[in-house]
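Asker: So that we are looking at the same thing, I have put the structure below in structure tokens.
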Ligand code: NAD
Ligand code: GLY
């Protein structure tokens, strides 16, 4: 019998649980009772399907269900790929009480969630994250969507899942680079608003790098709880939720300019956080020692802290101007006053941002 850690995301009629534990996919009692209708579509990808799809299948006996394995990779996080999900729902004859089970990382979860948000103007979906990044970030909070050639996640919707089921056993097969990318989003939670958590991560850095069970489970649960708290206070990003984008304006520009291929999202976030911290210091808002502290932690976790050489500064700035966080004139960025103290900064001068990129 598995007893997962359970957190609640309380959003009225859209409330749901986050369950974190081992062997949860194969334990039908954890998720099967939440299926409301007769139709279920498992959306996964060609990498995750051979690893974990079979764990879900026995519990679906008696339902009309099928599984769809999408091509793997951020390059496929598009409307064209999402249309394959809608095609599968149509072939299944999915009604309004159908449910999508999103089994995979953030790419699968974002796309499956968006497909669920749109099909018949909104059906249920469950997040079954299999990457560390998806467990601590993308599966929680109901942001769904796809990329456009002009920028990342430009097409999307808020649509909360019915359940987040984080089966920690799936992390055993996650490649080291992907695992570290997830650690970046855990560091982000400390960096933006929880200095004590950041200090704990510094203390546990070697153990986290080695995927040690206890510190990893504790870090995942704490990061999820912090994110859930932010989402409960500001579901649709009218204010505080924007802080979760610490480092992301820089990161999205890096991902856009490098064609979503050179850097993993978490790696881009690691670099972006250092750039946001550096810009804060250059603007006299924070101590430069905090930038160094953040970079040291990220490096200890095996993450990059500098942009790749040779990128076009004009293209990076143009991508930042298109980022969703921007409103009106000037750049709107998440900066910090130091570890654990991020804030929303409006009208940031482009020249200062250019200088931060150039260091
Ligand atoms: P991903 O979904 O591409 O997964 C990374 C790689 O790991 C893929 O190749 C995948 O097939 C593979 N994989 C997944 N689980 C595995 C496992 N258990 N074992 C072996 N391989 C496995 O990337 P990601 O880092 O999970 O997510 C990144 C995406 O999440 C980006 O598109 C980003 O924009 C999005 N995101 C969304 C939010 C949100 O709030 N919705 C937040 C953060 C990031
Ligand atoms: N990853 C940012 C958010 O969920 O708001």
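Asker: Inspect the stretch 94-104 for any residue being in a loop (DSSP other than H, G, I, E, B) and either closer than 20 Å to residue 226 by Cα or within 13 Å of ligand 2 (Cβ to nearest atom) (or both) and give the result as yes or no.
Answerer: no
Asker: Looking at the stretch 126-136, which of its residues are assigned to a strand (DSSP E or B) and more than 16 Å from ligand 2 (Cβ to nearest atom)?
Answerer: Matches in the stretch 126-136: 126, 128.
Asker: Further question: Identify, by number, the condition in (1) under 19 Å from the mean Cα position of the chain (by Cα); (2) buried (at least 23 other Cβ atoms within 10 Å of the Cβ) that residue 304 doesn't meet.
Answerer: Every condition holds for residue 304 apart from (2).
Asker: Does residue 216 meet the test of being away from ligand 1 (no atom under 13 Å from the Cβ) and surrounded by fewer than 20 Cβ atoms within 10 Å (Cβ to Cβ)?
Answerer: no
Asker: Mind listing whichever residues of the stretch 320-351 are at pLDDT below 95, surrounded by fewer than 18 Cβ atoms within 10 Å (Cβ to Cβ) and in contact with a helix residue (DSSP H, G or I) (Cβ under 7 Å, 6 or more places away or on another chain)?
Answerer: 325, 350
Asker: Within the stretch 224-245, is even one residue closer than 23 Å to residue 296 by Cα and within 12 Å of ligand 1 (Cβ to nearest atom)?
Answerer: yes
Asker: Next up: Just to be sure before I move on: is residue 288 surrounded by fewer than 24 Cβ atoms within 10 Å (Cβ to Cβ), without any contact (Cβ under 8 Å) to a residue 40 or more places away in the chain and either within 16 Å of ligand 2 (Cβ to nearest atom) or on the phi > 0 side of the Ramachandran plot (or both) in the structure I sent?
Answerer: no
Asker: If residue 212 meets every condition in (1) over 23 Å from residue 141 (Cα atoms); (2) within 12 Å of ligand 2 (Cβ to nearest atom) apart from one, which number is that one?
Answerer: Evaluating residue 212 over (1) over 23 Å from residue 141 (Cα atoms); (2) within 12 Å of ligand 2 (Cβ to nearest atom) leaves (2) as the failure.
Quick grid of which residues meet (1) at pLDDT 95 or above; (2) within 16 Å of ligand 2 (Cβ to nearest atom); (3) more than 19 Å from residue 138 (Cβ to Cβ); (4) more than 24 Å from the chain's Cα centre (by Cα):
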position: 17; (1), (2), (3), (4): yes, no, no, no
position: 23; (1), (2), (3), (4): yes, no, yes, no
position: 27; (1), (2), (3), (4): yes, no, yes, yes
position: 52; (1), (2), (3), (4): yes, no, no, no
position: 59; (1), (2), (3), (4): yes, no, yes, yes
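Asker: Let me ask something else. Condition first: over 12 Å from residue 128 (Cβ atoms) and in contact with a strand residue (DSSP E or B) (Cβ under 7 Å, 6 or more places away or on another chain). Now tell me which residues in the stretch 149-167 satisfy that.
Answerer: Listed by number, the residues that qualify are 153, 154, 155, 156, 157, 158, 159, 160.
Asker: Quick one: what pairs do we get from the stretch 114-135, first residue farther than 18 Å from residue 94 by Cβ, second at pLDDT below 95, C-beta under 8 Å, 6+ apart or different chains?
Answerer: Partner pairs satisfying both residue conditions: 133/265.
Asker: Let me ask something additional. Step by step: first the residues of the stretch 43-67, then only those that are within 14 Å of ligand 1 (Cβ to nearest atom) and outside any helix (DSSP H, G or I), then the one that is nearest to residue 90 (Cα to Cα). Which residue is that?
Answerer: 43
Asker: Go through 184, 166, 172, 157 for me and flag whichever is within 12 Å of ligand 1 (Cβ to nearest atom), touching a helix residue (DSSP H, G or I) at 6+ places or on another chain (Cβ under 6 Å) and closer than 20 Å to residue 5 by Cα.
Answerer: It is 166.
Asker: Let me ask something else about it. From the list 317, 297, exactly one residue is closer than 15 Å to residue 192 by Cα, surrounded by 15 or more Cβ atoms within 10 Å (Cβ to Cβ) and in contact (Cβ under 8 Å) with a residue 24 or more places away in the chain. Which is it?
Answerer: Just a single option satisfies the conditions, and that option is 297.
Asker: Sticking with this structure for a sec: I'm trying to understand the selection: among the residues of the stretch 105-122, which are crowded, with 24+ Cβ neighbours inside 10 Å, assigned to a loop (DSSP other than H, G, I, E, B) and either more than 14 Å from the chain's Cα centre (by Cα) or away from ligand 2 (no atom under 16 Å from the Cβ) (or both)?
Answerer: none
Asker: So which strands (runs of 3 or more DSSP E) stay within the stretch 137-207 end to end and still have 1 or more residues that are under 15 Å from the mean Cα position of the chain (by Cα) and modelled with pLDDT under 95?
Answerer: By residue number, 143-148, 151-158.
Asker: Would a scan of the stretch 190-205 turn up a residue that is closer than 28 Å to residue 318 by Cα and away from ligand 1 (no atom under 11 Å from the Cβ)?
Answerer: yes
Asker: Condition test on residue 101, is it more than 10 Å from ligand 1 (Cβ to nearest atom), surrounded by fewer than 24 Cβ atoms within 10 Å (Cβ to Cβ) and either more than 22 Å from residue 38 (Cα to Cα) or in contact (Cβ under 8 Å) with a residue 60 or more places away in the chain (or both)?
Answerer: Considered against the rule, which asks whether it is more than 10 Å from ligand 1 (Cβ to nearest atom), surrounded by fewer than 24 Cβ atoms within 10 Å (Cβ to Cβ) and either more than 22 Å from residue 38 (Cα to Cα) or in contact (Cβ under 8 Å) with a residue 60 or more places away in the chain (or both), residue 101 comes out as no.
The values are calculated or read from the model by the stated rules, or taken from the named source; none is laboratory data. The structure displayed is predicted, hence computed values, not measured ones. Note that we place each Cβ from the backbone using ideal geometry, even for glycine, and neighbour counts take in every protein chain shown.
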